[in-house]
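The values are calculated or read from the model by the stated rules, or taken from the named source; none is laboratory data. All of these numbers come straight from a predicted model, not from anything done at the bench. All Cβ positions, even for glycine, are placed from backbone atoms using ideal geometry, and neighbour counts span all protein chains on display.
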Amino acid sequence: MDKNENRIALKVALIAILTALTTVFTIVVRVPTPIKGYISLCDVVIVFSAYLFGPWTALITGGLGTAIADVIGGYSQWAPFSFLIHGLQGAVIGLIAKKASKSGVVSDASLLSVIGAGLLGTVIMVGGYFFVGGLFYGFEPAATEIPMNLIQAIVGVVLGIAVTKTVRKAYPPVRFLTW
């Protein structure tokens, strides 16, 4: 096996672990919402994945991890939407952070661009669930979930940044696993 094959194998393993972690963070703390949904800690792992490992990793782990959690947890009707919404959220956060980085390494982006990326990811997640919830249950009931989804997203951004900084400090070479 050459060095490139080892790197691919490492990325596949990393994505599998982060997908499982996203699923666990989605299921373990789950607070029901008025229109048959819930809020969770999934955004912590999605944001962490986006900032540390880049848009592709965050797209896959965010989308797949939350969709799996929906199916396992009895919220199957939300699974395709969670896949799209959280996948897009992770990809956009990762893309902005990568673009803002001078070195091309996502985790080297400035704090201001990281926060901006997190805020845009928040808009995508909150807006996505408002839109889908509005189509299914009406926009007035869907609007009642906006504050809860904002809390989920903001907690995810804050903790995601903290975890990213902690992991980078503890293991600096991890910054080169982005793609």
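The table that follows gives values for the structure above.
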item: Hey, residue 57 in a helix (DSSP H, G or I) and under 14 Å from residue 156 (Cβ atoms) or not; result: no
item: Residue that is modelled with the lowest pLDDT [pool: residues in the range 86-110 that are crowded, with 24+ Cβ neighbours inside 10 Å and aliphatic (A, V, I, L, M)]; result: 106
item: Single residue of 140, 145 found to be surrounded by fewer than 20 Cβ atoms within 10 Å (Cβ to Cβ) and of a type in the set (D, E, K, R); result: 140
item: Residue that is at pLDDT 95 or above and of a type outside the set (Asp, Glu), where the choices are 177, 150; result: 150
item: Long-range neighbours under 8 Å by Cβ, at least six apart or interchain, first residue under 10 Å from residue 126 (Cβ atoms) within the range 141-152, second exposed (fewer than 14 other Cβ atoms within 10 Å of the Cβ); result: 145/34; 148/31
item: Any hit, the range 32-49, residues being part of a helix (DSSP H, G or I), closer than 30 Å to residue 135 by Cβ and over 11 Å from the mean Cα position of the chain (by Cα); result: no
item: Lone qualifier among 132, 123, 114 - being part of a helix (DSSP H, G or I) and surrounded by fewer than 17 Cβ atoms within 10 Å (Cβ to Cβ); result: 123
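Table: residues versus (1) in a helix (DSSP H, G or I); (2) buried (at least 19 other Cβ atoms within 10 Å of the Cβ); (3) free of Cβ contacts under 8 Å to residues at least 60 places away in the same chain; (4) of a type outside the set (S, T, N, Q).
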{"position": "11", "(1), (2), (3), (4)": "yes, no, no, yes"}
{"position": "19", "(1), (2), (3), (4)": "yes, yes, yes, no"}
{"position": "52", "(1), (2), (3), (4)": "yes, yes, no, yes"}
{"position": "61", "(1), (2), (3), (4)": "yes, yes, yes, no"}
{"position": "70", "(1), (2), (3), (4)": "yes, yes, yes, yes"}
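To keep it simple, each residue is scored yes or no on (1) over 17 Å from the mean Cα position of the chain (by Cα); (2) among the β-branched types (Val, Ile, Thr).
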| site | (1), (2) |
| --- | --- |
| 140 | yes, no |
| 153 | no, no |
| 159 | no, no |
| 164 | no, yes |
| 167 | no, yes |
| 171 | yes, no |
| 174 | yes, yes |
| 178 | no, yes |
